[in-house]
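What follows draws every value from the coordinates through simple rules; no lab data is involved. Remember, predicted model here, so these are calculated numbers, not experimental data. FYI the Cβ positions are ideal-geometry reconstructions off the backbone, even for glycines, and counts take in every protein chain you see.
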2 protein chains.
Amino acid sequence: MKVELVAVGDELLIGDVVNTNATRLGRLLTDAGMRVTGISTVGDGLDELVDVLRIAVGRADAVLITGGLGPTSDDRTREAVARVAGVALRRDPEVEQWLRDRYKDTGRTLTALGLQQADVPEGGRMLPNGRGSAPGLAVDVRGSVVYATPGVPHEMAAMVAEQVLPDMLRRAGSPAPRAQRVLRTVGVGEGIIAAYLEPLEKELAQAGAVEVAYLAEPGETRVKLTSAGPGGGAAVDAAALRAYELLGDCVYAEGTEQLAAVVARLLAERGATLAAAESLTGGQLAATLVGVPGVSAVFRGSVTAYATDVKQSVLGVDAALLAAEGAVHPGVAREMAAGVRSLLSGTYGVATTGVAGPDPQDGHPVGEVYIAVAGPDGDAVAALALPGDRDRIRTLAVVRSLELLRRTLLGLPQEHTREFTG
Amino acid sequence: MKVELVAVGDELLIGDVVNTNATRLGRLLTDAGMRVTGISTVGDGLDELVDVLRIAVGRADAVLITGGLGPTSDDRTREAVARVAGVALRRDPEVEQWLRDRYKDTGRTLTALGLQQADVPEGGRMLPNGRGSAPGLAVDVRGSVVYATPGVPHEMAAMVAEQVLPDMLRRAGSPAPRAQRVLRTVGVGEGIIAAYLEPLEKELAQAGAVEVAYLAEPGETRVKLTSAGPGGGAAVDAAALRAYELLGDCVYAEGTEQLAAVVARLLAERGATLAAAESLTGGQLAATLVGVPGVSAVFRGSVTAYATDVKQSVLGVDAALLAAEGAVHPGVAREMAAGVRSLLSGTYGVATTGVAGPDPQDGHPVGEVYIAVAGPDGDAVAALALPGDRDRIRTLAVVRSLELLRRTLLGLPQEHTREFTG
């Protein structure tokens, strides 16, 4: 089934908003065995949207629109779909009642413009919105089907998962998905990962049954092994086995499990808890951990000691050390980790300190970062020279702290040790 | 000048890569006075790319392609541009020599496929790539101009800034940018904001000189006022004045200033500092504040008291209150704010507690959240019922905490009070 995505909104054209909806949908639909053949982004103008929809309907079996369903005058998706289908819009009394109830429940006022959300193209049907107030649409248009979903990401995602995708699969007769495995690595650059896997890539190039793709994110590289056609699970499994041999202990998980979730799982398996002390990462390490469902069983809490004197008064870092060396020092990271472990009664403590930039600090260059882990069997400190801007340095410091925790919990050496001799 | 963007690559369609190039280009071109009228994403297939380019050339004055210029067999952008222009590809000896030198310098092998990077459509010209090895193209096609740039973001950005944009501006005769003002509001839904502005929208619809657009983000709505043509600053200023009258104190800033930056500025103006205590937001409030450049002058730090006993042992919340009411209670938020203010010696303390989900907690439903601010003139507590999933509830709790701080610092009533009677 060929699917085209159409994203609606001036904010996407002028670069105010990143089109993450398209990325999310691309992954979801591809994983379900669909073929996404094109993505179009168009502004709020009615005529432009109608043109783009006409072209998309002519090319694809299904067109999935995101955005333009809301209660304001620049929400024209309903009108555009009706025009492309060549039918009139009709106010649906049931949808109108649902809208009135929904607005009443949430204490909001339903305006005349808001009521247009109850308009459905003739012959189409409404897709209820369980997370927001703008209902979606499904309308058959000249042998294709057009779905319209809200632009708000979590509303869109729920509507697609619960209503659009099941309908697509019904129409497509449930195509067989291609086999795929994703190996997640941390702490080694994408170029080195690719060099490690050169022998595998050569073997695979001859057989032609499995494709390899690399996906770099800050501090991490995902290796994606996909069968060339439907099925092909055995060939992908064999390739994954070989990849594990070549990559060693920098693979921390498979599939969608994130590094913070691995750390939380390792802590839970050991009946251990964690406390965090943050300086340059400013709460981001804690927020990343708290993003893991069920983390409350293992995460005690954190202290962001942003002002230097707080490192002493709350975390108990030695005042003489701070006076002599400043806050950017391996000993400070070590004492922060030990201090927060004691303050919050955690089995382990983890800490970050360093220079996120934009300016050097006390003679230390931007990117000079120290991370530490304190635990029942002693502590570990790592000195890092991290590249990039303020945001990237913070994100990398969080990733490397989690990786130091993972290695400590697994009893691995502090750094990935596979020598590259290729 | 109407510009369409075309992004090339299977990885964009299957959701492996987010199309941040389009966002970056949208902002850059809009700021330079161009009108980005559409963005298309297409896979690596030649026929599909030719079709998309034909349509884009027919609609726009300039088409800017990103991707498909590299040295592998799935890089077909040169071929597609030549086909749309109706001309042959010719190997350019100078480009070939430049490529050979470039590969030699970096110790790589130039393959036969790699040499296709020296192919230029007849009548077109090569755009040198100062950051990588794939040269770009500029080709005139039936009254439009087609630019092809690499997909690698930093190579693309440099080529566009140094070569493409200057050429566009020359062709466009340096258009005057359209006047624009953006009013940022918080704490009131998009539908209500639109209803507040209905009188303005009616006045503007008659004059036709200023366009209004709404941009919703979690907890916030931006109102964008843009002149219909080049210039038009006076009309936009008059519309902004009227919008301020209609919206009242839910406007917290203009342009790109974020809510956390406004809070930091208000604190600095008062010579005051802030400390944060977080439960359900788990570090995200601190991380949001730390994202503001220069915040170290006003932000003392934070405690994430994720485990309930930490609220008592570190922040000094009354043990009897916690035992009787649990952690999800307005009194707990109030004592957390006062406790962290005292612990970290801040002028103000701010606190969050509540249920992020996915499951209810101690009989409290998902989304029940309490936020509090403690300061030299007393404290304020707000009870919130926040919608959405775990991530969204956290983000909304952060936004509403910052808004409660803003209102406290400005001496405004705790909630936006303009009654909607429309």
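Things worth noting here:
- Nonlocal amide H pairs with A:Tyr348, under 5 Å, H built at 1.01 Å: A:Thr273, A:Leu274, A:Ala275
- Taking amide H as placed 1.01 Å from N in the peptide plane, the amide H of A:Ile65 sits under 5 Å from that of A:Val6, A:Tyr147, A:Ala148, A:Thr149, each at least 5 places away or on another chain.
- Between A:Ala112 and B:Ala209, the distance separating the two model label sites (each 7 Å from Cα on the Cα→Cβ line) works out to 2.5 nm.
- Whole-angstrom gap from the stretch B:296-323 to the stretch B:150-197, using each part's C-alpha centre: 43 Å
- Cα gyration tensor, the stretch A:279-422 - rounded (a/c under 1.5), prolate or oblate: rounded
- Each Lys or Arg adds one and each Asp or Glu subtracts one; over the other residues with Cβ under 14 Å from the Cβ of A:Ser302, this totals +2.
- Number of partner chain Cβ atoms within 10 Å, mean per residue of B:38-51: 4
- Whether the stretch B:2-172 is rounded, prolate or oblate, judged on the alpha carbon gyration tensor where a/c under 1.5 counts as rounded: rounded
- Computed from backbone phi with θ = phi - 60° and the Karplus coefficients 6.51, -1.76 and 1.60, the 3J(HN,Hα) list for the stretch B:383-392 is 9, 10, 10, 9, x, x, 8, 3, 5, 5 Hz; x is used for glycine and proline.
- For B:Thr185, the residues whose modelled amide H falls within less than 5 Å of its own, excluding neighbours fewer than 5 places apart on the same chain, are B:Thr221, B:Arg222, B:Val223, B:Tyr252.
- The phi-based Karplus calculation (6.51 cos²θ - 1.76 cosθ + 1.60; θ = phi - 60°) puts the 3J(HN,Hα) values of the stretch B:228-236 at 5, x, x, x, x, x, 5, 5, 5 Hz, whole numbers, x for Gly and Pro.
- If R0 is 45 Å, the Cβ-Cβ spacing of B:Arg170 and A:Lys2 corresponds to a FRET efficiency of close to 0.65.
- Three-way shape label, the protein assembly as shown, alpha-carbon gyration tensor, a/c 1.5: oblate
- Computed from phi, the 3J(HN,Hα) profile of the stretch A:159-166 under the Karplus parametrisation 6.51, -1.76, 1.60 (θ = phi - 60°) reads 5, 5, 5, 8, 10, 6, 4, x Hz, with x in place of Gly and Pro.
- Residue order for A:Tyr244, B:Tyr214, fewest other beta carbons within 10 angstrom first, comes to A:Tyr244, B:Tyr214.
- Leading residue at positive end of dipole, the protein assembly as shown (Cβ point charges), from B:Gly33, B:Tyr196, B:Ala327: B:Gly33
- If both residues of a DSSP beta bridge must be in chain B, then about 60% of such bridges are antiparallel.
- The stretch B:68-129 versus the stretch A:360-421: alpha-carbon centroid distance in Å: 41 Å
- Dimensions in Å of the stretch B:165-215 - Rg and Dmax from alpha carbons: 16.1, 44
- Cross-link pairs exceeding 25 Å in C-alpha to C-alpha distance, out of B:Lys2/B:Lys224; A:Lys224/B:Lys104; A:Lys311/B:Lys311; B:Lys202/B:Lys224; B:Lys2/B:Lys202, comprise A:Lys224/B:Lys104; B:Lys2/B:Lys202.
- Gain on full extension, evaluated as 0.36 nm per residue between B:Thr72 and B:Glu245 minus their Cα-Cα distance, stands at 56.4 nm.
- Nearest-20 debye value, the stretch A:2-172 charge dipole, Cβ charges on Lys, Arg, Asp, Glu: 480 debye
- C-alpha long axis of helix A:20-31 to longest principal axis of chain A, angle in °: 80 degrees
- In chain A, the calculated helix contribution to ellipticity at 222 nm averages -11500 deg cm²/dmol per residue, counting -39,500 (n - 2.57) for every DSSP H run with n ≥ 4.
- Computed lengthening from A:Asp309 to A:Arg35, 0.36 nm per intervening residue step minus Cα-Cα distance: 93.0 nm
- Label zone at B:Ala234, where the point sits 7 Å out along the Cα-to-Cβ direction: the stretch B:240-263 residues whose backbone N lies under 19 Å: B:240-243
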